[in-house]
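A.B. asks: Could you have a look at this structure, given as structure tokens, before my questions?
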Amino acid sequence: MNISKVTAVFFSPAGGTKKVARAFVSALPYLAEDLDLTPFAKRLESRSFGGDELVVFAVPVYAGRIAPLAAERLVHMRGSRTPVVCLAVYGNRAYEDALLELTALARQKGFVPFAAAAAVTQHSIMGRVAAGRPDGQDKENLSFFARRVSTKLAEAQNPQDLTVPCVPGSLPYKPYKAVGFVPFALSSCIRCGRCAALCPAGAISLADPRQTDAARCTFCMGCVRICPVGAREVDKEKLHSAEAIFVQKFGARRELEFFL
Ligand SMILES: Cc1cc2nc3c(=O)[nH]c(=O)nc-3n(C[C@H](O)[C@H](O)[C@H](O)COP(=O)(O)O)c2cc1C
């Protein structure tokens, strides 16, 4: 198959999923562009893709499922038997039903999920878990996967020739139950509004970024990461004790798993 271009469609509040998507796409031999669906303003963005294009869906795993706001955004993507690579990006604990859910969603929307992978990044809440990832080894693994993906595409005459691999996960999906910490603004907040513009849930007031609607927050930590003066944080004591448990239970390094 001749591929005219590849579009990396991602949702990445804390930036880890974007790093994985970029590392993967940059190792593919096609002209590439990004479609970043993270900000609240992009929640209704719709896009149609042709059968000669390649799409990469990259989303974070929350509680073993696709992050709900990522799933809500992907519903507006339309394929026309468009080949898609599904990437579930997780914080070294587990990805459970996320890849199955992502590939099923892709099919419903007219894509052919002929390749899929689960990749590790730094845990966006428990930052000591998988700290510094994706690292050099991860990038090498993603490049290897990218070469396998381009070979599979080159060997196919058209999208109907692409086989769809089985991926781990089970039905019914695990009920979604994410727990986390609601970040708050410190008095050092300079009201620059970057957090409010990014917040995928629209939980931070644009008029006064010191105000957070805790009921809308999805604990994604995007605001903490983007703040230029470090003026947003979560309850540190609670975080440190939860993090210590996570490091102990889920500290052993997990590597890229891919399905072709
Ligand atoms: C609410 C929430 C739930 C999460 N649940 C999981 C999980 O079930 N398994 C896991 O390994 N990582 C989990 N993580 C970590 C993220 O999957 C991981 O850090 C991902 O890279 C975040 O993507 P981002 O950096 O692009 O925002 C969770 C993170 C958040 C914020």
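A.B. asks: In the range 152-196, what residues are at positive phi and hydroxyl-bearing (Ser, Thr, Tyr)?
C.D. replies: Passing the criteria: none in range.
A.B. asks: For the range 200-259: of the residues being buried (at least 18 other Cβ atoms within 10 Å of the Cβ) and more than 24 Å from the chain's Cα centre (by Cα), which is farthest from residue 120 (Cα to Cα)?
C.D. replies: Taking the candidates together, the pick is 209.
A.B. asks: Kindly evaluate residue 174 against the criterion of being closer than 20 Å to residue 103 by Cα and within 16 Å of the ligand (Cβ to nearest atom).
C.D. replies: When the stated conditions are applied, residue 174 passes them.
A.B. asks: Does residue 175 satisfy being part of a loop (DSSP other than H, G, I, E, B) and surrounded by 15 or more Cβ atoms within 10 Å (Cβ to Cβ)?
C.D. replies: Numbers: part of a loop (DSSP other than H, G, I, E, B): yes; surrounded by 15 or more Cβ atoms within 10 Å (Cβ to Cβ): no.
Judged against the criteria, residue 175 is not a match.
A.B. asks: Kindly indicate which of 239, 206, 186 is within 13 Å of the ligand (Cβ to nearest atom) and farther than 26 Å from residue 21 by Cα. Lay out the reasoning, then the answer.
C.D. replies: Values: 206 fails: within 13 Å of the ligand (Cβ to nearest atom); 186 fails: within 13 Å of the ligand (Cβ to nearest atom).
It is 239.
A.B. asks: With the condition kept exactly as written, say whether any residue in the range 117-126 is more than 12 Å from the ligand (Cβ to nearest atom), at pLDDT 95 or above, out of contact with any Asp or Glu (no Cβ under 6 Å at 6 or more places or on another chain) and not in a helix (DSSP H, G or I).
C.D. replies: Yes, some residue in the range 117-126 is more than 12 Å from the ligand (Cβ to nearest atom), at pLDDT 95 or above, out of contact with any Asp or Glu (no Cβ under 6 Å at 6 or more places or on another chain) and not in a helix (DSSP H, G or I).
A.B. asks: Pairs please, first residue from the range 42-60 and part of a loop (DSSP other than H, G, I, E, B), second anywhere and within 16 Å of the ligand (Cβ to nearest atom), Cβ atoms under 8 Å, 6+ apart in sequence or on different chains.
C.D. replies: 43/37; 43/69; 43/72; 43/73; 43/200; 45/35; 45/37; 45/73
A.B. asks: Next question. Can you name the number of the only condition in (1) touching a Ser or Thr at 6+ places or on another chain (Cβ under 8 Å); (2) under 14 Å from residue 66 (Cα atoms) that residue 121 fails?
C.D. replies: (2)
A.B. asks: So, in the range 73-105, of the ones that are surrounded by 24 or more Cβ atoms within 10 Å (Cβ to Cβ) and more than 16 Å from the ligand (Cβ to nearest atom), which residue ends up nearest to residue 180 (Cα to Cα)?
C.D. replies: In this case the residue turns out to be 103.
A.B. asks: Going through the range 108-124 one residue at a time, which ones are crowded, with 22+ Cβ neighbours inside 10 Å and closer than 13 Å to residue 90 by Cα?
C.D. replies: The answer is 117, 118, 119, 120, 121, 123, 124.
A.B. asks: Can residue 129 be described as at negative phi, touching a His at 6+ places or on another chain (Cβ under 8 Å) and within 13 Å of the ligand (Cβ to nearest atom)?
C.D. replies: So residue 129 passes the test.
A.B. asks: I've got another one for you. I need a count of the residues in the range 127-145 that are under 14 Å from residue 58 (Cβ atoms) and either in a loop (DSSP other than H, G, I, E, B) or out of contact with any strand residue (DSSP E or B) (no Cβ under 9 Å at 6 or more places or on another chain) (or both). Reasoning before the result, please.
C.D. replies: Applying the first criterion (under 14 Å from residue 58 (Cβ atoms)) to the range 127-145 yields 134, 138, 142, 145.
The next check asks that each one be either in a loop (DSSP other than H, G, I, E, B) or out of contact with any strand residue (DSSP E or B) (no Cβ under 9 Å at 6 or more places or on another chain) (or both); those that pass are 134.
Selection size over the range 127-145: 1.
A.B. asks: Considering only the range 146-169, how many residues are surrounded by 13 or more Cβ atoms within 10 Å (Cβ to Cβ), assigned to a helix (DSSP H, G or I) and aliphatic (A, V, I, L, M)?
C.D. replies: 3
A.B. asks: In this structure, is residue 128 of a type in the set (Lys, Arg), more than 24 Å from residue 82 (Cβ to Cβ) and out of contact with any Lys or Arg (no Cβ under 7 Å at 6 or more places or on another chain)?
C.D. replies: Values: of a type in the set (Lys, Arg): yes; more than 24 Å from residue 82 (Cβ to Cβ): yes; out of contact with any Lys or Arg (no Cβ under 7 Å at 6 or more places or on another chain): yes.
Answer is yes for this residue.
A.B. asks: How about the range 8-54: which of its residues are more than 16 Å from the ligand (Cβ to nearest atom) and either buried (at least 24 other Cβ atoms within 10 Å of the Cβ) or not assigned by TED's automatic domain parsing to the domain that holds residue 124 (or both)?
C.D. replies: Result: 54, single match.
The values are calculated or read from the model by the stated rules, or taken from the named source; none is laboratory data. Keep in mind that what you see is a predicted model, and the values were worked out from it rather than measured. Neighbour counts are summed over all protein chains in view; Cβ atoms, including those assigned to glycine, are modelled from backbone coordinates with ideal geometry.
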